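**Student:** I am attaching a structure below and will ask some questions about it afterwards.
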Amino acid sequence: MSLEIAPRFNGPDGSGNGGYSAGCFAQAFAPDTERAITVTLRTPPPLATPMTLERQGEQAQVMAGQTQVATVAFDSLALSIPSPCDWPQAQAASVQYPGFHHHPYPRCYVCGPERQRHDGLRLFAGQVEDHQMVAAPLELFPALANDQGELAAEQVWAALDCPSFFGATLGQTNPKALLGRLTLQRFHFHIGLDAPLMVCAWPMGQEGRKHYGGAALYDQQGQCLAAARATWIAV
């Protein structure tokens, strides 16, 4: 199967946003599966470059020519998902987004403050007051839809990417890292675009350069729609 990441879905300048790219790889591997999938990025996903997904049973690799970009496999989520903060708390937390003051990738499709409204997701996850958690509202817009007019799977992956970084590095000063691995499971597959959602994320420990974080996507009633655990590699 062939696939390609359009230039607008960048993370750092010149490469694909890790979560969005992982979502494209996962969707090519097992469209709309109820099972958790782990995507491990071996190199920054290239933009506007033909790639192929080569499947071997329960796993696959994504290749750009002779370069292995990622591996993809079924997995278990193995994540304790907390209750979300409430909507006003998420809105207040977003105002405290650390990326407003220092951002290594200000044009990132998911969390870059230089992206315009309805061009990027503009997910600005800041710390929830008195909680070891970050949160942000997610405004939905038509470009996020799949062919059925619902929130596309790769956009769910994107939405849980960058917030998991700010959750994993909560309390650190000007951290910089790249996504190494993302395991995600979707619990609801028909998410309309008529109401905003909320992302919460939290730290899950650190080993050397590796930072671990969890993230979850909720509707306004507090129902968890998808969740993920991420490994970030400090650079």
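**Student:** Would you confirm whether any residue within segment 44-64 is closer than 23 Å to Cys200 by Cα, modelled with pLDDT of 95 or more and within 19 Å of the chain's Cα centre (by Cα)?
**Tutor:** Start the filter on segment 44-64 by keeping residues that are closer than 23 Å to Cys200 by Cα, which leaves none.
No, the conditions are met nowhere in segment 44-64.
**Student:** So, of the residues in segment 70-82 that are of a type in the set (Val, Ile, Thr) and out of contact with any helix residue (DSSP H, G or I) (no Cβ under 8 Å at 6 or more places or on another chain), which turns out to be farthest from Asn17 (Cα to Cα)? Give the derivation first.
**Tutor:** So the first thing to find is which residues in segment 70-82 are of a type in the set (Val, Ile, Thr), and the list is 71-72, 81.
Narrowing further to those that are out of contact with any helix residue (DSSP H, G or I) (no Cβ under 8 Å at 6 or more places or on another chain): 71, 81.
On the way: Thr71: 16, Ile81: 24 Å.
Ranking the candidates gives Ile81 first.
**Student:** With respect to Glu34, is the statement that it is within 20 Å of the chain's Cα centre (by Cα) and among the acidic types (Asp, Glu) true?
**Tutor:** Details: within 20 Å of the chain's Cα centre (by Cα): yes; among the acidic types (Asp, Glu): yes.
Yes, satisfied.
**Student:** Could you figure out which of (1) at pLDDT 95 or above; (2) more than 10 Å from the chain's Cα centre (by Cα) isn't true of Pro175?
**Tutor:** Here Pro175 clears every test but (1).
**Student:** Among the candidates Leu193, Leu170, Leu140, Leu178, which residue alone is outside any loop (DSSP other than H, G, I, E, B) and not polar (S, T, N, Q)?
**Tutor:** Values: Leu193 fails: outside any loop (DSSP other than H, G, I, E, B); Leu170 fails: outside any loop (DSSP other than H, G, I, E, B); Leu140 fails: outside any loop (DSSP other than H, G, I, E, B).
After ruling out the rest, the residue left standing is Leu178.
**Student:** Let me ask something else. Would you please name the residue that is surrounded by the fewest Cβ atoms within 10 Å (Cβ to Cβ), looking only at residues in segment 205-235 that are within 16 Å of the chain's Cα centre (by Cα) and free of Cβ contacts under 8 Å to residues at least 60 places away in the same chain? If you could, list the steps in order and put the result at the bottom.
**Tutor:** Here is the first cut: in segment 205-235, the ones within 16 Å of the chain's Cα centre (by Cα) are 211-218, 224-233.
Now drop any that are not free of Cβ contacts under 8 Å to residues at least 60 places away in the same chain, which leaves 211-213, 215, 231, 233.
Values: His211: 25, Tyr212: 17, Gly213: 25, Ala215: 32, Thr231: 21, Ile233: 14.
Within segment 205-235, the match that is surrounded by the fewest Cβ atoms within 10 Å (Cβ to Cβ) is Ile233.
**Student:** Another one. Does Val69 satisfy being closer than 16 Å to Leu160 by Cβ and either buried (at least 21 other Cβ atoms within 10 Å of the Cβ) or over 14 Å from the mean Cα position of the chain (by Cα) (or both)?
**Tutor:** Details: closer than 16 Å to Leu160 by Cβ: no; either buried (at least 21 other Cβ atoms within 10 Å of the Cβ) or over 14 Å from the mean Cα position of the chain (by Cα) (or both): yes.
Answer is no for this residue.
The values are calculated or read from the model by the stated rules, or taken from the named source; none is laboratory data. Bear in mind that the values here come from a model prediction, so they are computed numbers and not experimental data. Cβ sites come from the backbone with ideal geometry, for glycine too, and all protein chains shown count toward neighbours.
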